[in-house]
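Read-outs: derived from the displayed coordinates by stated rules, not from any lab. Everything numeric in this text was worked out from a predicted model, so none of it was measured. For neighbour counting, all protein chains shown are included, and Cβ atoms are generated from backbone atoms with ideal geometry for every residue, glycine included.
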Amino acid sequence: PVLIWDYDYGTAYAYGLYRNRASLVNANADQLDASLRLTNLQFTDNGTYECVAVARGSGVAPQEEAVTMELVAWVAPNDPIITDDYNPNTNNLTLTCTSYTGNPAANLTWYRDGSRIYNDSIEVFTSWRGYLDAQSTISAIVNTGQSPTFQCVANHPAFTSSKSVSVTLGAPSVSAINISPTPTMEEPLLEHDDVILTCMTQDGIVPEPVYEWQHDGGPAPANAQRYGNQLKIFSAQVEDSGTYTCTATNAMGTDTGEVLLVVGGFIDIIQGPQGGASTSTMGPGAWVGVALAAAVAVFVLVL
């Protein structure tokens, strides 16, 4: 049971997981009326609740009446995400929009360049914890000369406003390569630092680009690992310094960007004049290091 109310004594008892969460509201023993309140509502509270009233009297068989009510605890799903699959041989683009872990499942709607798409395939899956995942898939024939924008909109009773995500068909464009941690004159990159290079392309481009990395025209260092559009250099060494080139490619085209990485000195990142390039030069900090080294050499010679 969730709660038992003994109106003769005016007491109520909550049980198990409902202890300290279940209580009576507006209980009236004279009218035999009461409402059940659940605080800290949880997803596991979903289900059918039954109110059973039992009348007992001396020398009279107990009489019982019951009424049921269905409780649905709203759970706001995650924001929608889009995955893609493009076939360059048929120019067929398949997009799947998914909104995870809701109750009830989110309502998903597709738009192409602002116009509603009606021929989507909708499925709802139940996760292992009982949450509902909504998934909607569309297919469209597109040409390389086109750049349509597809938008998936998710609506849910628990949302104060709809959530949406968009993708655009097109070739990737590398705008910059970011270095983390960002080197400065006060805090240059040092040996044994973990360095992450991020190849920046426009958001929401499909097909999803594939990223390749080169170091001084050759393969990336052995102590580097690719993660999507990132290259992580573990325990960077001085010999890891040099020019890194990122190439982003999808079925619509390709673009590249470059950055100069200096381990043990300061670099100043300068955006290239072309739309997809990024270059770097050694900043004042590097020349200070050279000047200090020269001063030490002179001092030794004088001694």
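Assorted remarks:
- FRET E, pair THR243, ALA158, Förster distance 51 Å, beta-carbon r, rounded to 0.05: 0.55
- The HN-Hα couplings worked out from phi for segment 49-57 by the Karplus form 6.51 cos²θ - 1.76 cosθ + 1.60 (θ = phi - 60°) are 9, 10, 9, 10, 10, 10, 9, 10, x Hz, whole numbers, x standing for Gly and Pro.
- Remark: spin-label model distance ARG37-LEU190 equals 5.8 nm, labels positioned 7 Å along the Cα→Cβ axis.
- A full extension of the chain between PHE234 and ALA12 corresponds to an added length of 73.7 nm, given 0.36 nm per residue minus the alpha carbon distance.
- Rough spin-label spacing in nm, given labels placed 7 Å along Cα→Cβ, for ALA55 and SER121: 5.9
- The distance from the alpha carbon centre of segment 123-200 to that of segment 46-100 is 29 Å, rounded to a whole number.
- Listed peptides 55-63, 186-194 appear in the order 186-194, 55-63 once ranked by packing, highest mean of other Cβ atoms within 10 Å at the front.
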